[in-house]
1. Taking 7 Å along the Cα-to-C-beta vector as the label spot, tell me the residue 70-residue 257 distance in nanometres, rounded to one decimal.
2. I'd like the orientation of helix 112-124 relative to the chain: the angle between its Cα long axis and the longest Cα principal axis, in ° from 0 to 90, rounded to 10.
3. Quick one: which of 177-188, 281-292 comes out on top by average Cβ neighbours within 10 Å, and what's the full order, highest first?
4. Relative contact order, percent, of the chain when contacts are C-alpha pairs under 8 Å separated by at least 6 residues?
5. Please list 107-120, 57-70 highest first by mean number of surrounding beta-carbon atoms within 10 Å per residue.
6. Cα gyration tensor of the chain, axes a ≥ b ≥ c as square roots of the eigenvalues: rounded (a/c below 1.5), prolate (a/b > b/c) or oblate?
7. Give me the extension gain from residue 50 to residue 12: residue separation times 0.36 nm, minus the current Cα-Cα distance, reported in nm with one decimal.
8. Need one number: nm distance between label points at residue 418 and residue 179, each 7 Å from Cα along Cα→Cβ, rounded to one decimal.
Amino acid sequence: MKEIKVYLSEKDIPRKWYNLAADLPTPLLPPIGPDGQPLSPDKLAPVFPMNLIDQEMSQERWIDIPEEILEVLYRWRPAPLRRAVYLEKYLKTPARIYYKDESLSPAGSHKTNTAVAQAWYNKQFGIEKLTTETGAGQWGSALSFACQLIGLECKVFMVRVSFDQKPMRKAMMQVWGGKCVPSPSEETQAGRDILQKYPDTPGSLGIAISEAIEAAVMDTSGKTRYSLGSVLNHVLLHQTIIGLEAKKQLEMISEKTPDVIIGCAGGGSNFAGLAFPFICDKINGAKIDIIPVESASCPKMTRGEFAYDFGDMAKMTPLLAMMTLGHQFIPAPIHAGGLRYHGMAPLVSQAIIDKLMAPRAYDQLKGYESAMIWARTEGTICAPETGHAIAATIEEALKAKEEGKEKVIIFSYSGHGLLDLAGYEKFINNQLKKYILPDEELKKSIKSLDGLPKIPS
Ligand SMILES: *Cc1c(COP(=O)(O)O)cnc(C)c1O
């Protein structure tokens with residue numbers, strides 16, 4: 001029998017996160033205010049605790065993981081590296097396909113990795129309550145879980161369409177003590193404004209973020225902060241534990257550096273978590289194809305612009321230099337809720353501009369088709385987001401077969417789909433639409449970049 005699971009023991013867990021900002025060939029552009037001036041850290045202080053703001057701006061290559069954070073992560077980390085031998089056999093590919101199984105975390109995805117870290121830093125700073133947004137509900141449940149264990153209150157604004165599609169996610173948040181409302185809600189000015197303009201809106205992450213930030217900064221006690229589940233530098237930093245573990249695990253079985261690295265990318269965090277620790281090798285000459293995979297209904301990396309844009313619809317965030325569809329973008333109600341964000345993490349965006357990685361897009365039917373092949377070979381039911389990564393993995397494995405090459409492919413299995421079965425059911429009954437963003441809609445939403453400060457050329 002081939003070895004198909006590689007475990008690390010607790011004592012081998014990585015003790016430092018890796019910060020790509022230290023090694024990017026082009027220095028990261030700073031966040032700026034609407035006046036075009038770089039943002040001073042104190043401007044962010046009403047929104048984030050200062051210890052996380054420091055981390056956001058850090059240029060240190062390695063950052064210690066506090067022992068108390070590891071104490072919580074031990075519940076499921078180190079996560080296994082698995083080999084998808086059954087899929088390999090089905091595809092008759094000479095490629096060896098590995099994946100990091102992030103579906104084993106208590107909330108079911110990689111998001112707990114940063115949720116625990118963010119809750120801990122907030123607690124250290126004296127914060128008592130966190131507000132956040134959630135798309136598919138993975139982030140809201142991860143943060144509810146983390147807040148419960150660390151001892152914070154948690155309030156979640158959940159994108160309306162997902163709130164309706166995935167009611168059990170709300171129950172999950174409640175089990176861990178989180179409070180969840182559909183967004184747009186009547187609780188914030190941002191929410192009320194949108195509801196007045198678009199009463200039937202399915203909602204978007206951009207709207208839910210506006211609401212969560214507003215709810216944090218309006219708390220006059222000063223004990224509430226906002227927490228974001230992806231996109232920002234410190235979030236991607238916390239996720240690098242995935243790739244750092246994977247490196248050790250590949251070494252343990254004497255496997256070579258991967259030829260191909262794949263992850264689905266909504267805001268970029270699970271993809272970056274796996275890929276960034278390997279990018280160092282690529283910058284130093286290793287030949288690795290690194291592929292972030294997005295939804296064709298929300299194609300900021302393959303069809304968007306690299307521009308300064310807001311992270312939310314109500315323009316409450318600083319302007320970030322990122323690949324974007326424009327902050328006014330309202331994505332189609334696809335089931336992969338985690339892939340419905342208009343912008344891509346600045347670190348990932350800059351790495352794409354620097355040609356360190358090459359993005360790809362698939363529509364949701366391709367995602368579910370691939371997820372079904374996976375479930376019927378490997379056996380597990382993945383999140384619809386993860387299905388997009390599997391689509392690219394299958395394509396790469398078939399390419400290796402054509403070329404007759406024994407490639408090593410590794411991808412991030414970002415989450416399970418046990419609360420996404422309604423989407424699977426629709427797919428099986430042919431009720432899902434193939435949704436690719438039409439050009440006219442793209443042009444319209446890109447217009448929301450007009451008048452914003454430009455990236456200096
Ligand atoms: C949130 C989520 C994603 C997308 O978010 P990233 O920050 O790009 O990782 C992908 N897969 C799952 C299972 C998710 O919950």
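Each value in this text was obtained by applying a stated rule to the coordinates, not by laboratory testing. Computed from a predicted structure; not experimentally measured. Cβ: placed from backbone, ideal geometry, glycine included. Neighbour counts: every protein chain shown.
1. For the pair residue 70/residue 257, the computed spacing is 2.7 nm.
2. Long axis of 112-124 versus the principal axis of the chain: about 40 degrees.
3. Top to bottom by mean Cβ count within 10 Å: 177-188, 281-292.
4. For the chain, the relative contact order is 19 percent.
5. Numbers: 107-120: 28.0, 57-70: 14.5.
Sorting 107-120, 57-70 by mean packing, highest first, produces 107-120, 57-70.
6. Rounded shape, in that the Cα axes give a/c under 1.5.
7. 10.7 nm
8. In this crude spin-label approximation the distance works out to 2.9 nm.
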